[in-house]
1. For Leu210, are the conditions met, namely being open to solvent by 10 Å² or more (accessible area, probe 1.4 Å), under 20 Å from Gly295 (Cα atoms) and touching a helix residue (DSSP H, G or I) at 6+ places or on another chain (Cβ under 6 Å)?
2. Would you check if Lys77 is closer than 30 Å to Pro302 by Cα, out of contact with any Ser or Thr (no Cβ under 6 Å at 6 or more places or on another chain), in contact (Cβ under 8 Å) with a residue 24 or more places away in the chain and not polar (S, T, N, Q)?
3. Look at Leu102 and say whether it is touching a helix residue (DSSP H, G or I) at 6+ places or on another chain (Cβ under 7 Å) and farther than 18 Å from Arg327 by Cβ.
4. Among the numbered criteria (1) free of Cβ contacts under 8 Å to residues at least 60 places away in the same chain; (2) touching a strand residue (DSSP E or B) at 6+ places or on another chain (Cβ under 9 Å); (3) closer than 26 Å to Gly309 by Cβ, which single criterion is violated by Lys128?
5. Say whether the condition of being in contact with a helix residue (DSSP H, G or I) (Cβ under 9 Å, 6 or more places away or on another chain), more than 26 Å from Leu331 (Cβ to Cβ), surrounded by fewer than 18 Cβ atoms within 10 Å (Cβ to Cβ) and polar (S, T, N, Q) is met by at least one residue in segment 133-147.
6. Can you pull out the residues in segment 420-435 that are within 22 Å of Asn357 (Cβ to Cβ) and open to solvent by 20 Å² or more (accessible area, probe 1.4 Å)?
7. Every residue in segment 415-436 that is at pLDDT 95 or above and among the charged types (D, E, K, R), please.
8. Would you mention how many residues in segment 407-437 are in a loop (DSSP other than H, G, I, E, B) and over 19 Å from Val450 (Cβ atoms)?
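The values are calculated or read from the model by the stated rules, or taken from the named source; none is laboratory data. These figures come from a predicted structure and were not determined experimentally. When we count neighbours, we look across all protein chains shown, and the Cβ atoms used for this are built from the backbone with ideal geometry, even at glycine. SASA here: full protein model, heavy atoms, side chains in, ligands and nucleic acids out. Shrake-Rupley method; radii C 1.70, N 1.55, O 1.52, S 1.80 Å.
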Amino acid sequence: MTTVDTQILLRQLPAIENLLNTQEMLDLQATYARPLVTEALRAVVADVRSDILSGDHTQLPEHAEYAERTLQKIVEKIGARMRPVVNATGTVTHTNLGRSLLSTAACEAIQQAAQNYVNLEYDITTGKRGHRDRITEPLLQQLTSCEASTVVNNNAAAVLIALQTMARGKEVIVSRGELIEIGGAFRIPDVMAASGAILREVGTTNRTHLRDYAEAINENTGLLLKVHPSNYKILGFTSTPSMEELTELGTQRGIPTMEDLGSGALIDMTAYGLPHEPLVGERIASGVDIVTFSGDKLLGGPQAGIIVGKAEWIEKMRKNPMMRALRVDKLIIAGLSATLQRYLIGGPVAKQFPMLNRYTRAIETLHTFAAELKAQLQNLFGEKVDIQVSETYGQIGSGALPVETLPSVALVLKTSDISAEVLAAHFRSAAIPIIGRIKNDLFWLDLRTVYEREQAWIVEAATEVAKML
């Protein structure tokens, strides 16, 4: 296209106002706000101008095409960002993919709370204002034997407000081996600094003795803190005082104690074939003043930070001005209370909690599932993709049981035409993205977290991928 042709096309570009008054654009404005349509249309016209200058356009689009491209821009801008995906990574509680899945009871409770006014801070018996903790507190008292409890928006917040309430301006003694960093660069030393507490490290990375804590205590000691490693484990020549020993020391010296359990478990996980995790109730029985833990992960509820322990400290935290910024809303309380109720009602716990169900699926079940899905995918791909069934290992994830693995079964896909990275990208581009993992230039679909509903989504995605090969 000559320079003259280019200049002619540029002069013929319709004015934004004229395009907005075409019937196609008026139809768009009947659905979307005019400023949004105008902004998207300007972007479309800018794209057309750029194409003309680069020689990609030899004629101008019709009015209908302007409208189509404008609608596409609008959808890209305001379309739903949170989408369902298939987690075939092998990490069950995957932070990047939304962590825990909730039980049916919790989902129903959240929906009911979302669609109705509720007695969040209203005492129906007295007709006066109540406290939102009264909804979950009786349940946590029953499950952990704590004196009192409160709930904030995540476990980092629980640690933050507990430290600020109990030890602001004072020293907090903690073992060097427990100065952990978890996802999102959350570090115990950093959150301690943010709380206004002063870190006092004792012991070494692998060995800390009770005498180390005792010798570090001085007139400015505000708290003895124990942190359960949530994403690593030190093996070999190690030692650390038990919580019972620390609480006894704290009682002798008149210093409160606290433990951050991270994941937190209300029931014995070994009953379901999983490694032992310290129970919240066991820690309360040790006499510790405060225990913090997550509402999701091993508990199986919505993301929340749960604080249980002595009533005097819980009451001080409720009065802490920071509580207003960290407290949870009615939806979290509804989901959490429904989750806690399921532990008290009884019945097959593994079936009631989607995450525990995924942790404990039998390897034989996964093999049967893998054979069926392999046949479906092989029928779609033919000889274009080699598909093998392989035993592998997944993990619980999100800092729960950090070094423990879960035996699993995966479909391993390989094609000579494209790399594993490109194949993975094709699956991610599906209407419902399929998220697997890449290992040894192979694309793995770990089936521990994939169920019947998601099987259909994988097949639908594979149908589209097959057309690209």
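1. So Leu210 fails the test.
2. Spelling it out, Lys77 is indeed closer than 30 Å to Pro302 by Cα, out of contact with any Ser or Thr (no Cβ under 6 Å at 6 or more places or on another chain), in contact (Cβ under 8 Å) with a residue 24 or more places away in the chain and not polar (S, T, N, Q).
3. Details: touching a helix residue (DSSP H, G or I) at 6+ places or on another chain (Cβ under 7 Å): yes; farther than 18 Å from Arg327 by Cβ: yes.
Yes: the conditions hold for Leu102.
4. With (1) free of Cβ contacts under 8 Å to residues at least 60 places away in the same chain; (2) touching a strand residue (DSSP E or B) at 6+ places or on another chain (Cβ under 9 Å); (3) closer than 26 Å to Gly309 by Cβ applied to Lys128, the lone miss is (3).
5. yes
6. Scanning segment 420-435 gives Ile432, Ile435.
7. Selection gives Glu421, Arg428.
8. 5
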